[in-house]
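The values are calculated or read from the model by the stated rules, or taken from the named source; none is laboratory data. These numbers come from a predicted model, not from an experiment. Cβ coordinates were reconstructed from backbone atoms using ideal geometry, including for glycine residues, and neighbour counts include every protein chain displayed. Heavy atoms of the whole protein, side chains included, go into the accessibility calculation; ligands, DNA and RNA do not. Shrake-Rupley method; radii C 1.70, N 1.55, O 1.52, S 1.80 Å.
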Amino acid sequence: MPPSWTVWESSMNNRYTAALVGCGRIGYSLGLDKKREQPASHTMALLDNPRIQLVAGCDTDLQMLRIWHEANKKAAVYQSSSELYNWQRPDIVTVAVNEKSHKEEAIAAIKAHPKLVILEKPVALNTAEAEVIQAVADEHKVPVLINHERRFGEDYRAAKVYLPKIGEVQSIRGGLFSSMCVYNPAEENSGAYSLIHDGTHLVDAIEFFLDDERLSNPVITGLLHDKKACVRQFSAHYMTSLCPDVTIFMSGRSRYFGFEIEITGTEGRICIGNSYLKLYKRGESPLYTGFYSLLNDRASHLPKKVLYFPNMIQNAVDFLDGKAELQSTIKTGMQDLAVLEEMKEKIGLV
């Protein structure tokens, strides 16, 4: 498909140009979901930031590309990233393809020498592929931002600011609930299982609260397989310097989607999940004389919007302006992959 051209006005010179590789669900269509807080896709987030001009989109699916182009008529469109890079030199390349294509498309984006690559999570299917991406990024001196979106959310940021108020952390409980198989060895080459698809978010969020201390050497309990040898449920237990009791529970047996983290301290508790944040503090019990209970901290300010995508894109702009460091890096993304791979090894051996 030949490119469609747009001549940008000189007034656009103070803006960063951006190209999108992958015009599918996270790349575009989630931005049409009226139930989600918007922007909820890379396309809408790029368009929403006044400092960014979206100049091109790319997808191998011609029908998907046509739908995207209909909504973004000023942008050029391409059916391959190689074609895109032959015609365009964007400041930012966002890679939002399926996990199995991350390595190929991330490397191609890096070799096009943009000022920044935004790579949808996870970094790759496995740490071996991620290490290749990192090596190429280091060689070409191209920074990579990983879209582990909860690091950018106002709710998770507020929860982390509140952490000192709950005293010493006694336990962290993270839960992921869906009907998708937790781990399927037959899908190693596609990543079509929740351990990597959503589990990467859960691990990254917990390590975010742990100041990126690496979770390692898990004790596995509650392991359950189905008749096709797919893992449907397990718990992984850890000890860290910040918290002596970290548990990650994943279920592929649930008839709903749930994502939640509960952090319990000696003075309070934080409960956070999809669409909610609850903060509790120690106070005089309304139920028992002479006792203390955990009470809802109504004095704390709770964010009205989470702003995952806008904050992520703003971090990219601030980084390019030299005002901030990247808040989600290939280093932290690779650490998440290492944790997930250790889980896979353990649940495969137990």
Beta bridge orientation in the chain: antiparallel %, DSSP, nearest 5:
60 percent
Separation between the LEU287 and ALA135 pseudo-spin-labels, each 7 Å from Cα along Cα→Cβ, expressed in nm?
5.8 nm
Rounded, prolate or oblate: pick one for segment 211-350, where a ≥ b ≥ c are the square roots of the eigenvalues of its C-alpha gyration tensor, a/c under 1.5 means rounded, and failing that, prolate if a/b is larger than b/c, else oblate.
oblate
Alpha carbon centroid spacing (whole Å) that separates segment 53-84 from segment 181-213
29 Å
Once amide H atoms are built 1.01 Å from N in the peptide plane, which residues 5 or more positions from GLY265, or in another chain, come under 5 Å H to H?
GLN170, ILE270
Of all accessible surface on the chain at a 1.4 Å probe, what whole percent is carbon and sulfur?
51 percent
In segment 204-239, the trypsin sites (Lys or Arg not before Pro) that sit in a DSSP loop and have at most 10 other Cβ atoms within 10 Å of their own Cβ are LYS227, LYS228
Residue-normalised value, i.e. accessible area per residue, for segment 253-350 at 1.4 Å probe, in Å², stands at 59 Å²
So which of LYS34/LYS323; LYS73/LYS115; LYS73/LYS305; LYS73/LYS103; LYS103/LYS344; LYS103/LYS141 end up more than 27 Å apart by C-alpha?
LYS34/LYS323; LYS73/LYS305; LYS73/LYS103
What ranking do 77-88, 19-30 get when scored by the average of other Cβ atoms within 10 Å per residue, highest first?
19-30, 77-88
Cα shape, segment 3-129, gyration tensor, a/c 1.5 rule
rounded
Let a ≥ b ≥ c be the square roots of the eigenvalues of the Cα gyration tensor of segment 101-223; is it rounded (a/c under 1.5), or, if not, prolate (a/b larger than b/c) or oblate?
oblate
Can you list residues from other chains, or at least 5 along the same chain, whose modelled amide H is less than 5 Å from the amide H of VAL77?
SER4, GLY57
Note to self: with every protein chain in place and a 1.4 Å probe, segment 16-142 gives an accessible area per residue in Å² of 44 Å²
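Roughly how many Å² is the accessible area per residue of segment 174-217, as a whole number, for a 1.4 Å probe?
32 Å²
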Order by protection proxy (mean Cβ within 10 Å, highest first), peptides 267-276, 295-304
267-276, 295-304
Output ordering of 117-127, 183-193, 54-64 (per-residue mean of other Cβ within 10 Å, highest first) is 117-127, 54-64, 183-193
Hey, what angle do you get for helix 330-349 against the long axis of the chain, alpha-carbon based, 0 to 90 degrees rounded to 10?
60 degrees
Name the most mobile residue of TYR308, TYR156, TYR280, meaning the one with the largest mean-square fluctuation, in a Gaussian network model of the chain with Cα contacts below 10 Å.
TYR280
For GLU187 and SER80, FRET efficiency with R0 = 30 Å and r from the beta-carbon atoms, rounded to 0.05?
0.75
